[in-house]
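Trainee: Structure in structure tokens, see below.
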Amino acid sequence: MKKRPVIERFMEKVTPNSQGCWIWTASQRDAYGDFWLPDRMHKAHRVSYMLFVGPIPDQMDVLHSCDNPLCVQPEHLWLGTDKDNAADRDMKGRSVYVSGERHGSAKLSQKQVEEIRKKYQRFINGYTILSREYGVGRGAIRDIIKNKTWRQKRAAEREFAERRQMELDL
């Protein structure tokens, strides 16, 4: 039995949509399409890039301009680093990490967290007292004090947020 060309096998698993995306309709894992090449499974969008654009340099990711992880349309794919991917995600407001008061499970406000940090400095082993005062567990107070939760924004994060806001205001 003669093996079919890779491009033929690939394209039979693609359906175009109205936004110009080529949607992967076959095997999927972690929201991305999977495609078998002779050595192992590969992400379908990476295979598409290799088939229609060219080789992918080491340490480079294949990113989506359309933000659709199932899209394998080569015109929607571009090369970038992990840093480029994170910047693209943040710039488009797709970051799913929510912290502080905006987190759905938050029981404290930023102001209360700041109060806890100030008050703890006056107490020795004040976890129990503060946990009763603020209606949260001792572990929550400990994690706040040890900066495991409710981390204070570093200067670089503040600068990035300010730059991002200026870009949105333009």
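Trainee: Considering the range 20-74 alone, what residues qualify as being among the acidic types (Asp, Glu) and under 26 Å from Gly93 (Cβ atoms)?
Mentor: Answer for the range 20-74, where residues must be among the acidic types (Asp, Glu) and under 26 Å from Gly93 (Cβ atoms): Asp30, Asp61, Asp67.
Trainee: Taking interchain pairs and intrachain pairs at least six residues apart, which have beta carbon atoms under 8 angstrom, with the first residue in the range 114-133 and within 10 Å of Ile144 (Cβ to Cβ) and the second at pLDDT below 80 and exposed (fewer than 14 other Cβ atoms within 10 Å of the Cβ)?
Mentor: The qualifying pairs are Leu130/Phe123.
Trainee: Further question on the same structure: Quickly run through the range 15-37 and pick out the residues that are surrounded by 13 or more Cβ atoms within 10 Å (Cβ to Cβ), under 21 Å from Glu75 (Cβ atoms) and not hydroxyl-bearing (Ser, Thr, Tyr).
Mentor: Of everything in the range 15-37, those that are surrounded by 13 or more Cβ atoms within 10 Å (Cβ to Cβ), under 21 Å from Glu75 (Cβ atoms) and not hydroxyl-bearing (Ser, Thr, Tyr) turn out to be Asn17, Cys21, Trp22, Ile23, Trp24, Ala26, Gly33, Phe35.
Trainee: Are any of the residues in the range 76-97 modelled with pLDDT of 85 or more, loosely packed, with under 14 Cβ neighbours inside 10 Å and over 30 Å from Ile7 (Cα atoms)?
Mentor: yes
Trainee: Picking from Ser48, Ser65, which residue would you name as being exposed (fewer than 15 other Cβ atoms within 10 Å of the Cβ) and small (Gly, Ala, Ser)?
Mentor: Working: Ser48 fails: exposed (fewer than 15 other Cβ atoms within 10 Å of the Cβ).
Answer to the selection: Ser65.
Trainee: Moving on. Determine whether the range 47-61 contains at least one residue that is under 30 Å from Ile141 (Cβ atoms), within 21 Å of the chain's Cα centre (by Cα) and not aliphatic (A, V, I, L, M).
Mentor: For the range 47-61, residues under 30 Å from Ile141 (Cβ atoms), within 21 Å of the chain's Cα centre (by Cα) and not aliphatic (A, V, I, L, M): absent.
The values are calculated or read from the model by the stated rules, or taken from the named source; none is laboratory data. Please read all numbers here as calculations on a predicted model, not as lab measurements. Cβ: placed from backbone, ideal geometry, glycine included. Neighbour counts: every protein chain shown.
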